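Trainee: Questions regarding the structure given below will be posed in turn.
The values are calculated or read from the model by the stated rules, or taken from the named source; none is laboratory data. All values derive from a computational prediction rather than experimental measurement. Quick reminder, even Gly has a Cβ in these numbers, built from the backbone with ideal geometry, and neighbours come from all protein chains shown. Side chains included, ligands, DNA and RNA excluded: accessible areas come from the protein's heavy atoms. Shrake-Rupley method; radii C 1.70, N 1.55, O 1.52, S 1.80 Å.
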Amino acid sequence: MSRRVDWTVFVALFREEWRLHAELFGGRRFLLFPGLLAALSASAAVGLDATGTTPGEFVAGLHVFALVFGLYSGTAGFAGSDMLENVFGRLTLLLSSSTTLPLSRRRLLGTFLVKDALYYGGLFVLPMAVGIVPLVGASATAPLVVAELWLSLFLAFVAGMVVTVAAIALRTRGVPGWAIVAAAVLVAVAVWTTGGTRVLWHGLVSYDGSVGSAVVLAVSAVAVGSLALAGYDPSYSRPSRTASDRFARLEDALPTDEGGLIAKTLLDLARSSGGVVKPFVSAGILLALVAFLVGVVDSITGIEPSPGIFFGGVLGLTAFTTYNWLTQFDSVEEYLAYPVTVEAVFDAKRTAFVLVGAPTMAVPYLVAVVAFDATRLDALVGAFLLAGYSLYYYGLTVYVAGFSPNEFLFDAIRFGAFTVGVAVALVPTLIVGFVVVPPSAPVAAALGCAGLVFGGVGLALSSRAGPRWGRRYRSGRAESA
Amino acid sequence: MVAIRADGLEKSYGSVDALSGMRFSVSRGELFGFLGPNGAGKTTTIRVLTGQIVPDRGTATVLETDPVAEPIETRRRVGILPEQESPPSFLTPREYFEFVGKVRDLDSDRVTSRVETWADRLGFRSKLDTLHTDLSRGQQQKVMITQAFLHEPDVVFIDEPLANLDPLVQEQVKRFLVAYADDGNAVFVSTHNIDVAADVCTRVGIVADGRLVAERDLADGAEDGDSLLETFLTHVDDVDPRDVPAQMTGQP
């Protein structure tokens with residue numbers, strides 16, 4: 001492919017990405033999303049500053065977000081996972097054009113990833129960087145500070161992308177998924193135990209370092225990305241898989257499963273890429289991030305939160321990722337060919353959520369309270385919060401986003417409603433978790449009640465979500481909602 | 001005896017009028033072809049008649065049920081083969097049919113025997129234990145055809161029945177549809193393939209701009225006149241392809 005063709009493909013991919021989002025997320029309403037991100041980032045900066053958090057900690061948190069976002073975005077270009085085939089497979093025409101046009105698939109993917117890096121770097125990472133403005137003030141140097149922070153965040157984002165791309169490239173060369181995960185865990189443990197975390201961190205957060213460290217990170221990212229693309233096997237395709245009949249056995253084992261809807265959801269989850277481990281990985285990543293941030297705050301300020309309250313409140317957020325996994329492999333429209341109501345489909349998802357979500361949240365929570373040495377009362381209150389808040393976050397997600405939490409994530413209005421809903425429960429809890437250490441009996445009782453109340457609200461929201469979305473689907477408005 | 005009746009159905013999506021007074025009926029024993037170009041309102045009509053969406057105006061009756069008031073009862077009695085591509089399912093066809101049997105409250109032994117019959121008829125017995133997501137599109141279509149007939153419904157709504165099927169299986173499906181209608185069932189076939197409609201249907205309704213603009217009886221002994229293609233072009237588009245300049249058709 002010539003450079004001219006590369007440029008043509010790049011522009012077309014960029015335009016397609018924009019149209020994809022504009023179509024999915026309410027036309028030009030999608031433009032609000034970067035503004036909302038900037039507002040959220042700035043609000044977080046102001047709020048954290050008021051609670052004594054330093055600008056350095058705030059910047060560190062932003063880099064963690066950028067890195068994780070990059071890790072996730074790296075999968076998009078390859079559309080190789082089952083979830084991404086579902087989300088993007090029917091929507092991206094250009095990504096599959098190497099089968100119909102004289103274009104190299106490897107080069108097309110490279111162009112796609114460059115496009116993704118610039119697209120998300122502009123629309124999502126830049127608003128994150130703008131959040132620092134309240135901390136530096138509206139001075140003449142503010143644009144320069146924002147630009148430096150953006151560059152640093154962008155490099156962290158790209159680093160995350162190339163790590164994922166490298167893992168996928170290895171996968172196409174026949175390296176088993178479990179071996180890649182095991183290697184990643186081993187590397188993480190080795191870095192942790194040898195004290196390499198600080199070195200790694202300084203390498204990743206070039207905002208605090210020298211120009212040289214930024215150049216090293218940029219060159220490394222380009223080198224790893226290029227190697228990964230060179231190693232990627234475009235002809236890789238998964239052999240067709242067979243399975244023994246498990247539906248009836250699973251359906252019989254469930255205490256309730258009207259119409260087999262729960263069994264179908266659980267089998268889809270278990271057999272898709274990553275199996276039932278996926279929700280645990282999502283929860284594990286959240287646990288690791290929160291534990292890391294708690295460690296950073298503790299090392300700088302000497303303040304350590306009540307681990308039960310803190311982790312109980314935060315880990316409930318895995319309700320969103322768990323529900324997301326449970327809805328990736330079917331659609332409401334699919335069920336409308338059968339004599340089942342939309343309400344029944346939502347009810348089945350809720351039961352599946354409880355079955356999958358309970359262990360998904362309980363395991364990392366237990367790890368956290370043991371690792372951070374929570375008191376019994378703190379651990380008990382945290383467990384109440386975890387159960388109640390997760391049900392609340394679940395109800396909020398289902399009510400706001402219906403059957404498509406992933407697709408609606410970038411809709412500014414829905415995301416805003418979801419964020420406010422989460423903040424109402426989470427922010428006061430986190431403040432209490434930091435201020436009252438360990439929790440007194442009255443505080444514990446109040447938080448326990450909060451867990452019950454929010455759990456009740458979540459139950460009510462999830463019960464209303466079925467009829468709400470049922471009416472939308474029957475009116476034909478759900479697809480464009 | 002009328003099995004399907006649509007009376008003045010109207011449905012809009014925002015500023016787009018998908019249905020603008022759709023009116024027709026289909027009797028038992030008929031293989032009714034619903035013929036129209038893309039965007040004519042065919043799929044919306046099926047979705048209204050099967051209770052998936054409600055019309056803005058008009059009424060519908062399917063096997064003496066009202067799909068607006070009692071959508072579940074309507075869908076219990078009919079079979080539906082939707083056109084839209086399904087998301088990837090990780091059930092095998094064997095498990096998927098168990099799921100359909102469970103949803104439709106069918107006896108599991110009956111499901112097993114009917115699946116065997118259909119697997120032999122359409123030639124996918126060797127794929128019964130392969131994950132649905134790993135099947136070819138043609139094999140997936142065979143699975144979807146089977147689920148539509150699994151409960152032997154009196155009325156079947158089929159959107160593009162022959163999509164992705166090889167010619168041999170297309171012939172088998174066409175023959176089956178004719179025989180199924182001959183047994184006193186109503187088969188409603190939505191298609192934009194004129195040859196398919198002309199080949200198997202006893203009657204054809206031509207749809208354009210959200211309403212039925214013409215009907216043709218194609219049953220044995222029906223009066224011959226213009227070809228179905230000519231009738232279709234007359235009602236659907238003012239442009240007759242025979243008027244297209246020769247250089248565009250490649251003819252001298």
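Trainee: Helix B:93-103: angle to the longest alpha-carbon principal axis of chain B, degrees 0 to 90, nearest 10?
Mentor: In chain B, helix B:93-103 runs at an angle near 90 degrees to the longest axis.
Trainee: Below 8 Å between Cα atoms, with a sequence gap of 6+, how large is the relative contact order for chain B in percent?
Mentor: 27 percent
Trainee: Could you give the size of the charge dipole of the range A:1-240 about its Cα centre, using +1 on the Cβ of each K and R and -1 on the Cβ of each D and E, expressed in debye and rounded to the nearest 20?
Mentor: In total the dipole reaches around 740 debye.
Trainee: Length gain on complete extension for the stretch residue B:2 to residue B:230, per 0.36 nm per residue less the alpha carbon to alpha carbon distance?
Mentor: Residue separation times 0.36 nm, minus the Cα-Cα distance, leaves 79.2 nm.
Trainee: Seen from all sides and averaged, what is the projected area of the convex hull of the Cα atoms in the protein assembly as shown, in nm²?
Mentor: About 36.4 nm², averaged over all directions.
Trainee: Which angle from 0 to 90°, rounded to the nearest 10, does the C-alpha axis of helix B:108-122 make with the longest principal axis of chain B?
Mentor: It works out to around 50 degrees.
Trainee: Moving on to the next point. Can you figure out the FRET efficiency of residue B:168 with residue A:43, using R₀ = 51 Å and their beta-carbon distance, to the nearest 0.05?
Mentor: 0.20
Trainee: Moving on to the next point. Can you list, bin by bin at 5 Å, the percent of alpha carbon pairs in the range A:114-178, starting at 0?
Mentor: 4, 16, 21, 16, 13, 10, 8, 5, 4, 2, 1
Trainee: Charges only on Cβ, +1 for Lys and Arg, -1 for Asp and Glu: so what's the dipole of chain A about the Cα centre, in debye to the nearest 20?
Mentor: 1040 debye
Trainee: Can you give me the relative contact order of the range A:157-262 as a percent, contacts being Cα pairs under 8 Å and 6 or more apart?
Mentor: Rounded, it is 42 percent for the range A:157-262.
Trainee: Can you tell which of A:399, A:476, A:194 lies farthest toward the positive end of the dipole of the protein assembly as shown, using +1 and -1 charges on the Cβ of basic and acidic side chains (Lys, Arg; Asp, Glu)?
Mentor: Positive-end residue among those listed: A:194.
Trainee: Here's a follow-up. Taking 2.2 N^0.38 Å as the expected size of a compact globular protein, what ratio does the Cα radius of gyration of the range A:122-216 give against it, to two decimals?
Mentor: 1.37
Trainee: Continuing with the same structure: With all protein chains present and a 1.4 Å probe, how do B:92, A:194 order by accessible area, largest first?
Mentor: Highest to lowest solvent-accessible surface, that is A:194, B:92.
Trainee: Same structure, new question: I'd like to know how the range A:1-240 sits against the 2.2 N^0.38 Å rule of thumb: what's its Cα Rg over that expected value?
Mentor: 1.08
Trainee: Mean Kyte-Doolittle of at least 1.6 plus a Cα span of 15 Å or more along the axis: flag which DSSP H helices in chain A meet both, please.
Mentor: Going by DSSP H runs, the hits are A:142-172, A:177-193, A:211-231, A:277-301, A:412-435.
Trainee: Can you give the angle from 0 to 90° between the axis of helix B:167-182 and the longest principal axis of chain B, with both taken from C-alpha atoms, to the nearest 10?
Mentor: On a 0 to 90 degree scale, this one is about 90.
Trainee: I'd like the per residue volume of the convex hull spanned by the Cα atoms of chain B, given in cubic angstrom.
Mentor: 157 Å³
Trainee: Can you pull the three principal axis extents for the Cα set of the range A:252-481, in Å, largest first?
Mentor: Projected onto the principal axes, the Cα atoms of the range A:252-481 cover 58, 34, 29 Å.
Trainee: Hey, how many Å between the Cα centroid of the range A:346-418 and the Cα centroid of the range A:206-249?
Mentor: First find each Cα centre; the distance between them is then 29 Å.
Trainee: With an 8 Å Cα cut-off and a minimum separation of 6 or more residues, compute the relative contact order for the range A:252-481 in percent.
Mentor: 29 percent
Trainee: State which entries of B:42/B:174; B:11/B:142; A:349/B:127; A:278/B:142 exceed 26 angstrom in Cα-Cα distance in the structure shown.
Mentor: B:11/B:142; A:349/B:127; A:278/B:142
Trainee: Per-residue ellipticity at 222 nm for the protein assembly as shown, helices alone: DSSP H runs ≥ 4 residues times -39500 (n - 2.57), over residue total, nearest 500 deg cm²/dmol?
Mentor: That comes out to -19500 deg cm²/dmol.
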